[in-house]
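Only one structure is covered here, and it is reproduced in the block below.
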Amino acid sequence: MRFLRFMGWLTLGLVGLIVLAVFADEQSTPLEVRRIDNFVRGDGQGIEIVNIGQAPITIKKVQVNERAECLATPGFVFGSRGGDFPMTLKIGDKVTAIGSCRAIRVTIVTDKQSVSYSFQ
């Protein structure tokens with residue numbers, strides 16, 4: 001009886017660890033995102049995205065403030081890639097997306113997931 005109880009608790013613990021590992025993996029993102037200035041100090045219209053993950057990632061789209069008129073396109077900035085989305089970032093690559101609005105909420109759609117970031 002004691003052995004069965006031990007095996008039950010052990011099984012429950014293993015299932016719990018698996019669930020936590022899957023949940024933690026889904027919530028983690030291989031991107032580091034920060035808001036930067038574009039033209040004027042304090043405008044907050046730029047978004048800097050760095051791949052800090054363990055594999056390349058493709059950015060399909062960057063949505064700013066969930067508004068169609070707040071477009072974000074990759075810009076040519078010193079030390080950053082330019083071009084168009086979709087764009088594949090290798091490990092350590094950085095891209096700066098320049099928007100037409102001050103970034104408060106940014107959603108980055110990738111080939112793996114869609115993640116939202118908020119700024120004050």
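Data table
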{"item": "16 Å reach of a label modelled at GLU66, 7 Å along Cα-to-Cβ, counting backbone N of the stretch 103-117", "result": "103-109, 114-117"}
{"item": "Listed peptides 50-57, 8-15 by packing density, highest first (mean Cβ within 10 Å)", "result": "50-57, 8-15"}
{"item": "Placed amide H near ASP93: partners under 5 Å, 5+ positions off or other chain", "result": "ASN51"}
{"item": "Karplus 3J(HN,Hα) series, Hz, for the stretch 89-94 with 6.51 cos²θ - 1.76 cosθ + 1.60 (x for Gly, Pro)", "result": "9, 7, 4, x, 5, 10"}
{"item": "Amide proton proximity set for LEU31, modelled H, under 5 Å, gap of 5+", "result": "ILE52"}
{"item": "Computed over the stretch 31-118, Cα set: Rg, Dmax in Å", "result": "11.8, 34"}
{"item": "Accessible area of PHE119 in the full protein assembly, 1.4 Å probe (Å², nearest 10)", "result": "40"}
{"item": "Amide proton proximity set for ILE104, modelled H, under 5 Å, gap of 5+", "result": "ASN65"}
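The values are calculated or read from the model by the stated rules, or taken from the named source; none is laboratory data. Since we're looking at a predicted model, the values are computed, not measured. Because the Cβ atoms are built from the backbone with ideal geometry, glycine has one as well, and the counts that use them run over all protein chains shown. For accessibility, only protein heavy atoms count, side chains too; no ligands or nucleic acids. Shrake-Rupley method; radii C 1.70, N 1.55, O 1.52, S 1.80 Å.
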